[in-house]
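Q: Below you'll find the structure I mean.
The values are calculated or read from the model by the stated rules, or taken from the named source; none is laboratory data. Just so it is clear, the structure is predicted and the values come from calculations on it, not from any experiment. With ideal geometry, Cβ positions are generated from the backbone for all residues, glycine too; neighbour counts draw on all protein chains shown. Heads up: the accessible areas ignore ligands, DNA and RNA and are worked out on the full protein's heavy atoms, side chains in. Shrake-Rupley method; radii C 1.70, N 1.55, O 1.52, S 1.80 Å.
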Amino acid sequence: MKIEKLGNVADVVNGFAFAEDLQGNKIAQIPFIKVSDFVFVCDRYIDKSVNYVDETMLKKLRAKVYPKGTVIFPKVGGALLTNKRAILGCEATFDNNIMGLVPKSVNPDFLYYFMRSFDMATIANTTSLPSVRASDVAAIEIILPSTEEEESVITTQIISIFTELEKAQEAIFEQKKEISNLANAIINESLSKGENQDYCLGKVLDEVKVGIGKAWHQYPVYGATRAGIALAKEPPGKHAQKYKPVIPGTVFYNPMRILIGSIAFAENDVEDGITSPDYVVLKGKEGLVDSRWFYFWLRSPWGVQCINSLARGAVRERMLFNRLAEGQIELPEYTFQKEASEVLQNLKQISINLDNQLKEIEALPNKVLSSVFKDV
């Protein structure tokens, strides 16, 4: 075992600032990697990008093309503090929000996993926007095996472990897809049981408009994501008293993101909370609409079709309640909704269990890497 400065085993390099109008040239052959190309995916290697540049652009900016095997990572902003890293699977250039490590005397895969195990917060300047300097990265101490053979064996073992973890993740993702399909099937079955009636959504839903008041600090803050309800990342703003109450049986959504599925439902075991006054909060009218049934309907193909019919073209358009109220819904008898709702409640718990399993699996890579590099 030996300890080296990272700058001794790899060249620390920075990306370049390409103007937006110089990007996206599909005829050019040089991939131009942006942070978004790897922050939102889990693949180890990047073999292509959605943006390309040509040699004329490179010469104009004195930009460089870095070799296959270069390890890249975000060097600024919140993305820096994640453990997202990637290896160039082809020659490429990248933007100025990315830093790279060109291996000189270290296996690219070994270097990649070492960087995934390293906590960037320990060297980041966090006085304002998190950022790291090339000199600080070069000074990081990396623990290397005594021989290249040992390094290869360790890397192979790590890859084997990560392959199994990825298979476990994929299996859970597939189960979640099946749950979504089953939920749609349950909604469809409830719609096919008897004689349904058409209603305007505004006639069967009640909007929650009144804020929580002075007691706002007693409650957790919830947000709506594509995965459903989640604790908000930010505390209430200066209008905290206007935050709307969220209690079990409440459906709420982000009016700016409903088109991409940011809709949530508070199950019976959810603690009473609040949500942003900008959100739309509603409940089904008793005897007409079961709120849980409506939540799953709103996320189903029938709900998506309804939402799309009300949208007027703008991707970031606000779908406030008065707009949603114009939509039409075909409602089955209330008893059929309740029957479906009970089954859907069980599905929700299965989905929660799968999410918990997924969180456990997602926490394992850092534990594995910390253990490996501690023992090297």
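Q: In segment 62-79, which residues are hydrophobic (A, V, I, L, M, F, W, C) and in a loop (DSSP other than H, G, I, E, B)?
A: Ala63, Val65
Q: Shifting gears a bit: Where the second residue is open to solvent by less than 20 Å² (accessible area, probe 1.4 Å) and in a helix (DSSP H, G or I) and the first is under 20 Å from Lys68 (Cβ atoms) and of a type in the set (Val, Ile, Thr) and lies in segment 2-14, which pairs have Cβ atoms under 6 Å and are six or more apart or on separate chains?
A: What qualifies is Val12/Val137.
Q: Within the group Val281, Val289, which residue is open to solvent by less than 20 Å² (accessible area, probe 1.4 Å) and farther than 20 Å from Ala224 by Cα?
A: Exactly one of Val281, Val289 is open to solvent by less than 20 Å² (accessible area, probe 1.4 Å) and farther than 20 Å from Ala224 by Cα, namely Val289.
Q: I need the full set of residues from segment 143-174 which are among the charged types (D, E, K, R) and buried (at least 16 other Cβ atoms within 10 Å of the Cβ), in order please.
A: Glu151
Q: From the set of residues in segment 317-376 that are of a type in the set (D, E, K, R) and farther than 30 Å from Ala168 by Cα, which is modelled with the lowest pLDDT?
A: Within segment 317-376, the match that is modelled with the lowest pLDDT is Glu317.
Q: Now a separate question. Quick check: is even one residue across segment 75-93 over 25 Å from Glu362 (Cα atoms) and either under 24 Å from the mean Cα position of the chain (by Cα) or open to solvent by 20 Å² or more (accessible area, probe 1.4 Å) (or both)?
A: yes
Q: For segment 354-376, how many residues meet the condition of being open to solvent by less than 70 Å² (accessible area, probe 1.4 Å), without any contact (Cβ under 8 Å) to a residue 40 or more places away in the chain and closer than 30 Å to Ala266 by Cα?
A: Count: 1.
Q: Another one. Condition first: of a type in the set (Phe, Trp, Tyr), at pLDDT 85 or above and within 30 Å of Val372 (Cα to Cα). Can you find one or more residues in segment 41-48 that meet it?
A: Yes, because at least one residue in segment 41-48 is of a type in the set (Phe, Trp, Tyr), at pLDDT 85 or above and within 30 Å of Val372 (Cα to Cα).
Q: Of the numbered conditions (1) assigned to a loop (DSSP other than H, G, I, E, B); (2) touching a residue at least 40 places away in the same chain (Cβ under 8 Å), Asn308 fails exactly one; give the number of that condition.
A: Just one mismatch for Asn308, condition (1).
Q: Based on what the data block shows, is Lys209 open to solvent by 80 Å² or more (accessible area, probe 1.4 Å) and under 30 Å from Asn356 (Cα atoms)?
A: For Lys209, the condition - open to solvent by 80 Å² or more (accessible area, probe 1.4 Å) and under 30 Å from Asn356 (Cα atoms) - is not met.
Q: Criterion first (modelled with pLDDT under 90, under 25 Å from the mean Cα position of the chain (by Cα), open to solvent by less than 20 Å² (accessible area, probe 1.4 Å) and among the β-branched types (Val, Ile, Thr)) does Ile72 satisfy it?
A: Taking the combined requirement at face value, the residue does not satisfy it.
Q: Follow-up. List the pairs whose first member sits in segment 98-125 and is hydroxyl-bearing (Ser, Thr, Tyr), whose second member is open to solvent by less than 20 Å² (accessible area, probe 1.4 Å) and not in a helix (DSSP H, G or I), and whose Cβ atoms are under 6 Å apart, counting only residues at least 6 apart or on separate chains?
A: Note: pairs meeting the criteria are Tyr112/Val71; Tyr112/Arg85; Tyr112/Ile87.
Q: Let me ask something else about it. I need the full set of residues from segment 201-245 which are part of a loop (DSSP other than H, G, I, E, B), at pLDDT 90 or above and closer than 21 Å to Leu324 by Cα, in order please.
A: Val208, Lys209, Val210, Gly211, Tyr243
Q: Can you tell which of Glu189, Glu151, Glu170, Glu178 is acidic (Asp, Glu), touching a Pro at 6+ places or on another chain (Cβ under 6 Å) and part of a helix (DSSP H, G or I)?
A: Glu151
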